[in-house]
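Coordinate-derived values only; no laboratory data. If you're wondering where the values come from, they're calculated on a predicted model, not measured in any experiment. Using ideal geometry, Cβ is built from the backbone for each residue, glycine included, and neighbour counts are taken over all protein chains shown.
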Amino acid sequence: MAVMNNNLDELKVIAEEIADINGLLLETYDQKEPTEILEIMTALKSYLARTTELYAKAEYLLNIERGIESQNIDPKTSATIYRDIINSRTAQYQKVFRFVERTNASIVHILDVLRSQLSYHKADMTANNYGGKEAK
């Protein structure tokens, strides 16, 4: 039981950290400020790296818990019932794992949007001859 409690404690830490990161994704920013977009992209790259690590840890904990729970099921149980029991007993681990997975994917998509916004600003600056060049 000590392993299970330790795993549950570690799962709670992961859940709290990913909730904090997810909360940061909800903050607004000025889409008209390229420097602010760059700052956000820099922060998101760190979050992406961290969520990737959290993803691996959450998956590891889920697999450990599945292994522990599988030992407590009658081997004569049908495959469908076996799967349902395992899923039911590891629901909390699955929830955190999916939350980490979706947060990581959201960061990837947000970075894509920010790159597009930067490209728009770059094109706009070029079209308007920013950077000290005079229009002919």
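Spin-label pair K95-V113: with each label point 7 Å from Cα along the Cα-Cβ axis, the two points sit 2.6 nm from one another. The loop-placed chymotrypsin sites (Phe, Trp or Tyr not before Pro) in segment 1-99, going by DSSP, that have at most 15 neighbouring Cβ atoms within 10 Å of their Cβ come out as Y29. Over all distinct Cα-Cα pairs of segment 57-136, the Kirkwood formula returns a hydrodynamic radius of 16.8 Å. Note on the chain: semi-axes of the ellipsoid equivalent to its C-alpha gyration tensor, largest first and rounded to whole Å, are 47, 14, 9. Between the listed residues S106, G23, P34, the Cα displaced farthest toward the positive end of the dipole of the chain, a dipole computed from Cβ unit charges relative to the Cα centre, is found at S106.
Dipole orientation for the chain: of the candidates T126, N7, A58, T126 has the Cα lying most toward the positive pole (charges on Cβ; Lys, Arg +1; Asp, Glu -1). Here segment 75-125 is treated with +1 on each Lys and Arg Cβ and -1 on each Asp and Glu Cβ, and its dipole about the Cα centre works out to around 300 debye. Report summary: the helix-based calculation at 222 nm, which adds -39500 (n - 2.57) for every DSSP H run with n ≥ 4 and divides by the residues of the chain, gives -28500 deg cm²/dmol.
Of the trypsin sites (Lys or Arg not before Pro) found in segment 1-57, those that fall in a DSSP loop while having at most 16 other beta-carbon atoms within 10 Å are K32.
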